[in-house]
Every structure is written in structure tokens, then in C-alpha cells.
Amino acid sequence: MLDTLKAELAAVHRFIDILQQEQTALVSADVDTLLTLADRKIKQSDELRLLAQQRVNQLNQAGYSGDREGMDAWLMAQAASARKDLKKSWDDLLLAGRTAQRLNETNGKLIETHLQHNQQALAALANAANQSSVYGRDGQPQTTIPLSSRTLGKV
């Protein structure tokens, strides 16, 4: 089980690294990097699922539930000499998981903000295109240009 926990912890750290790179790319709006990271993130997520399932299977085979309570009960049943290393690995895994979750939530908020800005910019461009016709349908110059209700700088 110790090997499984260490492998899962290493995979979570790789996932955190990807999330940090993703956050940097989101802040700098580096679309090419985001596309590359999306594929890596999916692969790393798949690896994490497999490792977590392996841990759950090992707990189930030992007669424990695959959740946190099952892991805690399993840890308490281990010899004191092994329990310390196992508990540390488990605690490190939980901490890394929380870090990954926070990063992923932050990245989700950054993505949502980018989407909102893009939608607002597109709406402003569409509005400007509709209201700034210099020529009418008949090809003649318009003598009056409709005024926009938007103020400059507000999108």
C-alpha cells in the first residue's frame, strides 16, 4: 500500500504542476500552451483515477471501505512501525489533493472570467457593426448615424 500511496502522491504532484502551468497560461492568455496542457491534464487525470482505484481495491481486498474512513481504519490496524510512514504518505496525499482542488477551482474561475470578457467584447463588436453603418442599404451615404447608448470604455 505504501508504494500505491507514493505513486498516487507523485501523480498528484504532476497534476499540480500542470494546473500551475495552466494558470500561468490563463493569466497570459497563451492559447497554444492551454491546448497542449489540456491534453496533458486529461492524461494525468486518467492516471490519477487509475491509481485511486488501485488504492480503493487494495482497501477493499483488506476488508475496508474505499473511502477516507476505511483508509483511517486500515491505518489504525497497521503495525505501529509501519503506520507512521503510511500515515504520513496518506496525509501528504490528502494535502496535495486539496492543493490540486484549489488550483483547479481557481483556473475554472479564470476560464469563466475570460469567457465573460470575450462574450462582452463580441457583443460590443456586433453592436458597433450594426450601429456604425456609413452607407445605407441603397449604397448611399447616411447623413445621420445612430448614437449608441453605451459609454466609451464600458463593454
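The values are calculated or read from the model by the stated rules, or taken from the named source; none is laboratory data. These numbers come from a predicted model, not from an experiment. All Cβ positions, glycine included, derive from the backbone under ideal geometry; neighbour counts span all protein chains shown.
General remarks:
- Selection over the range 1-16 of residues that are within 13 Å of GLU47 (Cβ to Cβ) and charged (D, E, K, R) gives a count of 2.
- Candidate set from the range 13-50 (those that are in contact (Cβ under 8 Å) with a residue 40 or more places away in the chain and more than 11 Å from the chain's Cα centre (by Cα)); member that is nearest to LEU94 (Cα to Cα): HIS13
- Residue within the range 72-92 that is surrounded by 16 or more Cβ atoms within 10 Å (Cβ to Cβ), in contact (Cβ under 8 Å) with a residue 12 or more places away in the chain and over 23 Å from ALA10 (Cα atoms) present: no
- Just one of the numbered conditions (1) closer than 16 Å to ASN107 by Cα; (2) modelled with pLDDT of 95 or more; (3) hydrophobic (A, V, I, L, M, F, W, C) is not true of LEU34: (2).
- Helices (runs of 4 or more DSSP H) wholly inside the range 1-109 containing at least 2 residues that are among the hydroxyl-bearing types (Ser, Thr, Tyr): 2-27, 31-61
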